[in-house]
Amino acid sequence: MQRTPGGAVSGCYQGLPSRVFMSRVFNAPSAVDLNAEAFGPQWQERLVWQLLLLDGELAHYRISHAETSQQWRAVRSASNASGNVARRLEHEFSLAGRLMPQWALQPLALLTASEGPWLILEDFGAQALQEPAEAALLVDRFLQLAIGAADALAGAHAHGLLHRDIKPCNLLEDADGVVRLGGFGLSVDVRAATALPLADAICGTLAYLSPEQSRRVERHADQRSDLYSLGMTFYEWLAGRLPFEARDAVEWVYCHVARQPPALTHFRGDIPPALSQLVLKLIAKNPDDRYQSALSVRADLGECLRQWRQFRDIADFRPGQCEAHRQPSLSYPGTAALPAEAGLVPRTSVTMLGGRDTLDLSSVMKAAQAMRDESQQDRLIEILMRNTIIHAGAQRALLLLVKNDAPMICAIGQGGEEGLQIELVEQVPGRADLPLSILYRVMRTQQRLVLEDVSADRYFGDDQYLEQHQVRSALCVPLIKQGQVIGVLYLENNLAPGVFTSCHTGVLELLAGQAAVSLETARLHHQLLEENARRQDVENALRSARAKLSQVAQATVMGELAASIAHEINQPLASIVSNAAASLRWLNRETPQVEEALHGLRDIVNDGRRAGEIVKALQTLARQGPHHRRRLLINDVIRHVVALTLVEVEQQKVLMTTHLTRSPLRVYASSVQLQQVILNLILNALDAMSAGDQVLRRLSITSEVVGHEYLVVSVEDTGPGIDSRHMDKLFNAFFTTKDKGMGMGLAICHSIIQAHGGNLYAMPARYGGATFVFTLPVAR
Ligand code: ADP
């Protein structure tokens with residue numbers, strides 16, 4: 001390839017006449033544009049360009065010569081392409097001598113242009129077979145194409161080439177019905193050199209990529225990887241869609257490694273089950289379960305076509321029955337010529353070149369993003385578990401946390417028909433949940449355990465669980481914090497061996513570790529919420545208990561008193577008023593009728609006495625009350641009221657202490673009325689302390705027995721104390737110094753205590769506050 005002095009581009013070509021002509025076609029200015037102009041005035045009118053397809057980073061054109069009706073296929077990098085595209089085109093051109101016309105599209109020339117190379121291929125009007133994928137194929141047509149594709153692939157394999165990018169747009173059907181392969185840019189020579197290191201680049205197209213090509217699985221790719229991609233292609237041709245959908249590279253790899261493709265009959269009723277089985281056999285996760293060569297696929301397809309043409313059915317057929325053409329497994333040589341690329345583009349048509357680290361990084365980035373964006377812990381654990389499963393290519397995952405030295409299952413993730421389901425649980429692990437032999441081994445040794453092929457594992461292979469669930473690959477990782485196992489992550493895959501490898505457990509540990517931390521945070525958060533809810537319940541209960549108590553107080557003392565006073569005193573008052581009015585009239589006469597007036601006044605005195613008697617009677621009523629009295633421990637009453645007032649005490653930042661007697665002596669009293677007294681004294685004390693600005697707010701309640709005769713209860717505060725001028729009015733009804741006070745509290749307390757045979761006193765407290773003390777006689 002050389003540049004001509006005039007800046008024109010000249011092509012490498014092979015010596016056939018049409019190809020010589022090609023070199024002249026492209027003997028044109030270097031600024032190659034996507035139109036005919038670029039090819040100089042002599043070609044401007046004569047070349048017709050047609051964009052055939054965009055395949056990821058490659059753009060395919062058809063160039064036709066208007067007069068001679070000759071045409072070529074041209075492939076160049078699309079505008080978004082990276083530097084690797086040039087390498088791929090060069091690589092494909094370098095294979096020109098080995099790509100046989102029977103099965104491959106022939107590269108004719110490689111041209112350099114300022115924006116990168118152009119690969120010119122022969123074009124006999126072949127059509128890339130991606131178009132049929134837009135509508136599912138009829139069985140007959142499918143079988144024809146599939147046979148052609150299998151033939152072409154068998155040809156490539158026979159010539160020692162692994163294609164590594166089999167997909168519909170790299171399969172082209174000529175007008176004569178021959179299917180040929182194109183897009184050899186990622187192919188490698190199976191005969192050359194040593195096997196590709198497992199940690200090397202990932203190449204292929206995500207949607208068609210075999211599990212081993214994804215490098216998630218600890219296996220080398222070989223010609224069976226091409227068969228997997230061929231199977232995906234067949235699937236797409238038949239179903240009109242791929243078996244999986246994914247949003248990015250990590251998810252694509254997960255689908256290939258861990259998700260079961262739905263049977264084709266699921267999408268189309270007219271597909272013979274045998275054909276569906278044939279395709280599923282091609283896309284088996286484990287290469288050993290697939291067809292072993294393109295020739296055996298070809299043979300089976302041939303048999304299918306024969307039966308279909310004869311019976312319109314494929315009844316007497318078992319996929320793999322023609323498996324005779326077993327070829328030795330071939331491994332990849334190195335791909336030094338194809339350097340890794342960092343960016344991943346999540347599209348089905350994209351060919352990806354990237355190290356396995358790229359996937360790791362992508363998973364970690366996703367997790368980091370979730371941790372940044374997700375504030376709900378449950379959601380976060382779900383996302384982390386999901387990422388872990390997808391990253392690992394697991395079908396099922398358990399996250400266990402160690403609590404009090406015992407493992408506890410906290411999250412279960414499982415792939416199913418409706419996608420991945422994550423469930424947060426709290427259950428003790430049993431034989432039916434996971435292989436306990438592995439779990440305990442990992443907890444004991446603090447070492448991760450990878451079972452690449454469970455069926456071949458002598459040590460753990462006979463664990464009941466593994467046998468029953470037909471686990472193929474398993475991984476168990478301890479999550480360690482400060483030398484302690486805080487949790488365990490268990491993963492399994494039943495579809496293929498070798499899914500989990502020691503080398504990507506690092507990221508799993510990170511993801512699962514974060515999930516464990518989130519679980520712990522979630523648990524604490526939950527506890528806090530519960531605690532708050534409980535507290536709220538207690539507060540509500542206290543409030544309603546208080547409301548009830550004050551209702552009782554109202555009804556029993558205030559209510560009774562007020563109603564009775566109103567009713568009983570109204571009568572004598574009315575009588576007094578009318579007698580007084582009558583007496584005034586008698587005295588106001590011209591000759592005052594003194595006798596009559598005296599009579600009225602005597603009545604007034606009587607009525608007044610009566611009113612006094614009524615008040616006395618009411619007082620006695622209040623004292624004796626209808627309340628049920630019993631022998632009770634005064635401390636029980638105190639504790640009850642203290643509990644009722646805890647909320648207020650705390651809110652007002654008051655330190656409340658109690659010193660209660662240990663004496664078993666009891667009082668004979670109404671517990672409701674005593675509660676009322678103590679409650680009143682405590683609330684008054686709180687009121688007094690809330691007014692002042694003293695720093696120390698203390699409320700101390702004591703009970704003691706004096707001389708086996710009396711129980712003495714005191715309520716002492718550190719408020720401003722009682723003004724000495726008010727001392728003797730405190731217990732009067734309606735005496736208050738508060739804006740909204742009623743002045744009845746102490747009066748009622750006083751009468752209740754007196755009714756119980758005791759006494760209520762007020763006195764200054766030791767540190768300037770007030771002390772209220774009441775006594776009650778000990779019950780005999
Ligand atoms: P109220 O609380 O409606 O005013 P009370 O009969 O319970 O009615 O109290 C009467 C008055 O006694 C109060 O207004 C207040 O001046 C005084 N008092 C009661 N307890 C205390 C106390 N612990 N410290 C200071 N003053 C008090």
**Request:** Evaluate region 265-283: report whether one residue or more is free of Cβ contacts under 8 Å to residues at least 40 places away in the same chain and within 31 Å of the chain's Cα centre (by Cα).
**Result:** yes
**Request:** Can you work out which of the residues in region 688-706 that are away from the ligand (no atom under 12 Å from the Cβ) and over 19 Å from Arg766 (Cβ atoms) is surrounded by the most Cβ atoms within 10 Å (Cβ to Cβ)?
**Result:** Val705
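How about region 761-780: which of its residues are away from the ligand (no atom under 16 Å from the Cβ) and at pLDDT below 95?
From region 761-780, those away from the ligand (no atom under 16 Å from the Cβ) are 775-780; that's our starting set.
Result: Ala779, Arg780.
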**Prompt:** Considering only region 729-760, how many residues are surrounded by fewer than 19 Cβ atoms within 10 Å (Cβ to Cβ) and near the ligand (Cβ under 7 Å from one of its atoms)?
**Reply:** 7
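Say we look at region 707-728 and pick out the residues that are over 22 Å from Thr657 (Cβ atoms) and open to solvent by less than 80 Å² (accessible area, probe 1.4 Å); which of these is farthest from the ligand (Cβ to nearest atom)? Even if it seems obvious, please write down each step before you answer.
First, pick out the residues of region 707-728 that are over 22 Å from Thr657 (Cβ atoms): 707-710, 723-728.
Cutting the leftovers down to open to solvent by less than 80 Å² (accessible area, probe 1.4 Å) gives us 707, 723, 726-727.
Working: Gly707: 27, Asp723: 8, His726: 6, Met727: 10 Å.
Only one residue tops the list, namely Gly707.
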**Complete:** Of the residues in region 670-685, those that are away from the ligand (no atom under 16 Å from the Cβ) and touching a Leu at 6+ places or on another chain (Cβ under 6 Å) come to Ser671
**Item:** Residues of region 761-774 that turn out to be among the aliphatic types (A, V, I, L, M), crowded, with 16+ Cβ neighbours inside 10 Å and over 16 Å from Leu711 (Cα atoms), as a count
**Value:** 3
**Request:** State yes or no: is Leu449 within 22 Å of the chain's Cα centre (by Cα) and within 28 Å of Asp288 (Cβ to Cβ)?
**Result:** no
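The values are calculated or read from the model by the stated rules, or taken from the named source; none is laboratory data. Predicted model only: the values in this text are computed from it and were never measured. Glycine also receives a Cβ, built like all others from the backbone with ideal geometry; neighbour counts cover every protein chain displayed. Heavy atoms of the whole protein, side chains included, go into the accessibility calculation; ligands, DNA and RNA do not. Shrake-Rupley method; radii C 1.70, N 1.55, O 1.52, S 1.80 Å.
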